[in-house]
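**Student:** I have a structure I would like to understand better, so I am pasting it below and will then ask my questions one at a time.
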Amino acid sequence: MGTDPPASANRPKRRVPFPLRLRFSAVSWRDLAETLGPILIISAIAILAALHFVRPAPPHTLTISSGPRSSTFESIAQQYRKILARNGISLKIVNSLGSLDNMNRLTDPAAGIDIALVQSGITPSSDTADTSQIVSLGSMFFEPLTIFYRATKPMPRLSELQGKRIAVGPEGSGTRALALALLKANEIEPHGATPLLSLEGQAATGALLHDQVDAIFLTGDSASPAYIRELLHAGGIRLFDFSQADAYERRFPYLSKLAIPVGAFDLGENLPPTPVTMLAPTVELLAHDDLHPALSDLLIDAATQVHGHASLLQSAGEFPSPVVHAFPISAEAARYYKSGNRSFAYRYLPFWLASLVNRAVVVLVPILVVVIPGLRFLPQLYGWRINSRIHRRYGELMALEREALGELTEQRRAALLDRLAEIEKSVISRRMPGSHANQLYVLREHIGLAREYLSRAGLAGNTHAVAAE
């Protein structure tokens, strides 16, 4: 009969983490820290450098300087506000007198204006205003200049308005700024022989119809289709045709030439009866150069929805456009126009989450580029450091053996043995990983050979001394 195995043999063996403890106990934590330290320092520097370029989260509120109440500028700002609200951005609308007023506010730090609609060619009223930090998000739409005058025959040049009564629009409006610039080019200036009146819109139209003025300059809301049709139907009133449009374009780069076809304003009455050439500045959306990139993308996206359709004066997709004039296009706007859409995260994620992801990516890049590769090579660096320590001890041992080749006195031999003991002590006392045990014990064998050599040299010396006696 066979004997049953003891009960203890059937018990499952308990696995204890003793080998694991041995592995960690064999690690030189000082070497590990000295190896890992530079990697962590470089990684921290890389992350801090990345954080320096991380923009804070975009603000949830923007302020726009639009235009007079019930104006086209205000209507556009309200459309922007609805679109931005879908992404959690609140747009505060501040009414103004027009483009010049908007420009002045944008350059005034105390005004608290973030963005503004400004007719191209408009500059601040003050010569000391700082415009170096103003950038453009692009041209949004044409704002054609419409000039009506009372005459029995066509007037080919604006210079023929010399001495006439001209309505040029109120102070602070883009209409007035543009009218004064064109009239000045024709040697007609304020406070001269030509009366310049601050009338616009319905007031200017009524004054021309009642022969209270001889010519009127209209743009934007003051040049509404209703006013234009009313004036075209009136007897003795003509629409000015810019026969010198090419010359004006060269002299005023912010103006564009527009060809108005026959019957554009009234097909039934065929008005105008002949093609007319008009000039039009564009309206730009201006901002400060520190506008958050995410908000820049949102604004241009909103502008595309508002201004991208076709009309009498523009083709579908013509606006918004990166063509700008007095102010440089912002880097973020240029990227948007080049790529044709918002950045990847903002296209597919909610606005707040996309903002968080974009900022997190900037921090993750140095981690992926520096930290992970550094940790990947940590074992090799650690092994190199241990090997270098062993090699350094070999260097000390070889230097000691070279010194032992000369004449050895008892005092000199004792000193070399002491140094050898220090080398051996440093080898034994310094914690080494088990992976380097073979090299360590070979080094100790070599230390033993050196000690044996010094011992033999000492015995030989004693033998010669006894023989001499």
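The values are calculated or read from the model by the stated rules, or taken from the named source; none is laboratory data. Since the model is a prediction, treat every value here as computed from it, not as a measurement. We place every Cβ from the backbone using ideal geometry, glycine too, and count neighbours over all the protein chains shown. These accessible areas exclude ligands, DNA and RNA; they are computed on the full protein's heavy atoms, side chains included. Shrake-Rupley method; radii C 1.70, N 1.55, O 1.52, S 1.80 Å.
**Student:** Yes or no: residue 159 in contact (Cβ under 8 Å) with a residue 60 or more places away in the chain and either open to solvent by 60 Å² or more (accessible area, probe 1.4 Å) or among the polar types (S, T, N, Q) (or both)?
**Tutor:** no
**Student:** Which strands (runs of 3 or more DSSP E) does segment 207-293 wholly contain that include 1 or more residues that are within 26 Å of residue 64 (Cβ to Cβ)?
**Tutor:** Of the strands (runs of 3 or more DSSP E) lying wholly inside segment 207-293, those with at least 1 residues that are within 26 Å of residue 64 (Cβ to Cβ) span 215-218, 255-260, 276-288.
**Student:** Which of the numbered conditions does residue 223 fail, given that it passes all the others? Conditions: (1) under 22 Å from residue 119 (Cα atoms); (2) within 45 Å of the chain's Cα centre (by Cα); (3) hydrophobic (A, V, I, L, M, F, W, C); (4) open to solvent by 50 Å² or more (accessible area, probe 1.4 Å).
**Tutor:** Only one criterion in (1) under 22 Å from residue 119 (Cα atoms); (2) within 45 Å of the chain's Cα centre (by Cα); (3) hydrophobic (A, V, I, L, M, F, W, C); (4) open to solvent by 50 Å² or more (accessible area, probe 1.4 Å) is unmet by residue 223, namely (4).
**Student:** When segment 143-156 is examined, which residues are found to be open to solvent by 60 Å² or more (accessible area, probe 1.4 Å) and not hydroxyl-bearing (Ser, Thr, Tyr)?
**Tutor:** Matches in segment 143-156: 150, 153, 154.
**Student:** I've got another one for you. Failed condition for residue 437, given (1) modelled with pLDDT of 85 or more; (2) open to solvent by less than 40 Å² (accessible area, probe 1.4 Å); (3) of a type in the set (Gly, Ala, Ser), with all others met?
**Tutor:** The failed condition is (1).
**Student:** Here's a follow-up. So, in segment 412-435, exactly how many residues are in a helix (DSSP H, G or I) and over 17 Å from residue 450 (Cα atoms)?
**Tutor:** 3
**Student:** Kindly indicate the residue of segment 261-297 that is open to solvent by less than 20 Å² (accessible area, probe 1.4 Å) and among the polar types (S, T, N, Q) and also farthest from the chain's Cα centre (by Cα) among those meeting that condition.
**Tutor:** Here the answer is 282.
**Student:** Given the structure, is residue 257 touching a helix residue (DSSP H, G or I) at 6+ places or on another chain (Cβ under 8 Å), among the charged types (D, E, K, R) and at negative phi?
**Tutor:** Yes: the conditions hold for residue 257.
**Student:** The conditions are (1) touching a Ser or Thr at 6+ places or on another chain (Cβ under 9 Å); (2) within 21 Å of residue 326 (Cβ to Cβ), and residue 227 fails exactly one of them. Which is it?
**Tutor:** Against the list (1) touching a Ser or Thr at 6+ places or on another chain (Cβ under 9 Å); (2) within 21 Å of residue 326 (Cβ to Cβ), residue 227 comes up short only on (2).
**Student:** Could you please let me know if residue 241 is of a type outside the set (A, V, I, L, M), open to solvent by 10 Å² or more (accessible area, probe 1.4 Å) and at positive phi?
**Tutor:** So residue 241 does not fit the description; no.
**Student:** Additional query: For residue 131, which of the numbered conditions (1) open to solvent by 40 Å² or more (accessible area, probe 1.4 Å); (2) closer than 20 Å to residue 245 by Cβ; (3) among the hydroxyl-bearing types (Ser, Thr, Tyr); (4) touching a Ser or Thr at 6+ places or on another chain (Cβ under 7 Å) fails to hold?
**Tutor:** Of the numbered conditions (1) open to solvent by 40 Å² or more (accessible area, probe 1.4 Å); (2) closer than 20 Å to residue 245 by Cβ; (3) among the hydroxyl-bearing types (Ser, Thr, Tyr); (4) touching a Ser or Thr at 6+ places or on another chain (Cβ under 7 Å), the odd one out for residue 131 is (2).
**Student:** Another question about this same structure. Could you identify the single residue in 353, 349 that is loosely packed, with under 14 Cβ neighbours inside 10 Å and either of a type in the set (Ser, Thr, Tyr) or at pLDDT below 75 (or both)?
**Tutor:** 353
**Student:** Out of the residues in segment 60-81 that are touching a residue at least 60 places away in the same chain (Cβ under 8 Å) and farther than 14 Å from residue 98 by Cβ, state the one that is surrounded by the fewest Cβ atoms within 10 Å (Cβ to Cβ).
**Tutor:** The qualifying residue surrounded by the fewest Cβ atoms within 10 Å (Cβ to Cβ) is 79.
**Student:** Quick one: residue 129 ticks every box in (1) hydrophobic (A, V, I, L, M, F, W, C); (2) assigned to a loop (DSSP other than H, G, I, E, B); (3) in contact (Cβ under 8 Å) with a residue 40 or more places away in the chain except a single one, so which number is it?
**Tutor:** (3)
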